[in-house]
Amino acid sequence: MKIFHTVNGLRDDLIQDRLQGLKIGFVPTMGNLHDGHLALLHQANQTNDIVVCSIFVNALQFGLNEDWDKYPRTYESDCEKLRAAGCDYLFHPDDVEMYPNGLDTQSRVICPTMTDVLCGASRPGHFEGVTTVVSKLFNIVQPDEAIFGIKDYQQLAVIRRMAEDLCMPIQITSAPIHREADGLAMSSRNRYITEDERPQATVLKESLDWIASQIRSGNRAFSELEAEATVQIERAGFAVDYVTCSNSKTLDLAADDDSEITVLGAMFTESARLIDNVSISEE
Ligand code: PAF
């Protein structure tokens with residue numbers, strides 16, 4: 001695996017690859033790689049000749065009271081995992097390489113819809129930080145395909161929308177949620193869950209699955225289902241950020257005649273904020 005810390009270094013190699021007609025797949029990450037990330041790499045390897053992974057903990061997408069400074073940075077072990085997963089190029093820039101003019105004056109990419117609901121409601125500016133850094137990474141790597149995990153469903157939907165709106169010639173591919181044996185969605189933030197909380201942490205997935213089964217059997221009283229799931233999560237000892245039935249593409253509140261619905265939820269443990277989702281599609 002070749003490691004690049006500069007935009008120009010990475011570009012020099014990618015230009016040669018493109019001249020040879022090689023197909024380039026891209027997996028952007030913030031590091032602290034777990035099996036979920038490695039599954040994205042594996043998927044990228046299936047359909048591309050060259051796989052690029054980036055590791056950059058993007059300050060622009062963290063709020064003032066969020067965990068940017070304590071976000072786990074595990075560069076050496078990440079490199080080992082990437083080598084074993086068959087990654088060809090790692091792009092690992094520092095803050096100055098990514099934001100040479102500083103964060104405050106950085107030009108931004110704004111997706112005006114879909115970003116102030118769900119996670120965006122409690123994390124103002126987060127998605128602007130994501131769309132800005134992902135656009136920059138797309139411009140740097142110019143991949144044919146970019147792969148994002150479904151666990152961050154809102155992020156995936158917003159990036160799809162951004163790519164469509166801005167005519168980015170990149171195929172945005174989704175990869176299934178990777179789960180622990182008991183069903184908890186894998187996340188770098190799971191390490192913040194205390195031992196006491198861990199057995200109950202699956203309640204988020206269980207309550208979203210319960211809503212999905214209700215919808216599949218014809219119950220479209222979305223608000224009531226959301227309220228009941230909220231009670232289930234609170235009974236397990238967690239605070240609910242949101243539980244919402246949304247249109248899978250637009251993220252608007254689900255309507256009676258929607259055939260593609262995604263149920264999304266976020267809850268707070270003592271020191272972690274966990275998210276999960278389940279999609280329902282009617283043929
Ligand atoms: O999902 C993530 O890890 C980040 O939001 C991303 C897409 C790498 C942008 O910083």
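Values for this structure:
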item	result
In order through the range 229-234: 3J(HN,Hα) via Karplus (6.51 cos²θ - 1.76 cosθ + 1.60), integer Hz, x for Gly, Pro	5, 4, 4, 4, 6, 5
FRET E, pair Cys167, Gln106, Förster distance 25 Å, beta-carbon r, rounded to 0.05	0.70
Span from the the range 173-248 Cα centroid across to the the range 100-153 one, whole angstrom	24
CD proxy at 222 nm, helix term only [per DSSP H run n ≥ 4: -39500 (n - 2.57); per residue of the chain; nearest 500]	-11000 deg cm²/dmol
In sequence order, calculated HN-Hα J values of the range 28-37 (Karplus, 6.51, -1.76, 1.60; Hz; x Gly/Pro)	x, 9, 10, x, 6, 5, 10, 4, x, 5
Relative contact order for the chain, counting Cα pairs under 8 Å that sit 6 or more residues apart, in percent	17
Near-label residues of the range 208-238 by backbone N, under 13 Å of a point 7 Å along Cα→Cβ of Thr194	237-238
Distant-in-sequence amide H partners of Ile170 (H built 1.01 Å from N, under 5 Å)	none
Listed residue (Thr115, Gly125, Tyr75) projecting farthest to the positive dipole end of the range 66-135, Cβ model	Thr115
Two-decimal Rg to Rh for the chain - Kirkwood Rh, Cα set	0.97
Chymotrypsin sites (Phe, Trp or Tyr not before Pro) within the range 9-70: DSSP coil, no more than 16 neighbouring Cβ in 10 Å	Trp68
Whole-Hz ³J(HN,Hα) from phi, Karplus 6.51 cos²θ - 1.76 cosθ + 1.60, for the range 174-182, glycine and proline x	9, 10, x, 6, 8, 10, 5, 4, 8
Cβ-placed point charges (K, R +1; D, E -1), dipole of the chain about Cα centre in debye, nearest 20	560
Entries in Lys2/Lys136; Lys23/Lys136; Lys136/Lys205; Lys2/Lys81; Lys136/Lys249; Lys23/Lys151 that, when Cα-Cα distance is taken, lie over 22 Å	Lys136/Lys205; Lys136/Lys249; Lys23/Lys151
Cα-centre dipole for the range 44-119 with unit charges at Cβ (Lys and Arg positive, Asp and Glu negative), debye to 20	160
Under 5 Å, built H, 5+ apart or other chain: amide partners of Ser54	Val27, Thr29, Phe91
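Any read-out appearing in this document is the output of simple, stated calculations on the displayed coordinates, not a laboratory observation. Everything quoted here is computed from the prediction, not taken from an experiment. Quick reminder, even Gly has a Cβ in these numbers, built from the backbone with ideal geometry, and neighbours come from all protein chains shown.
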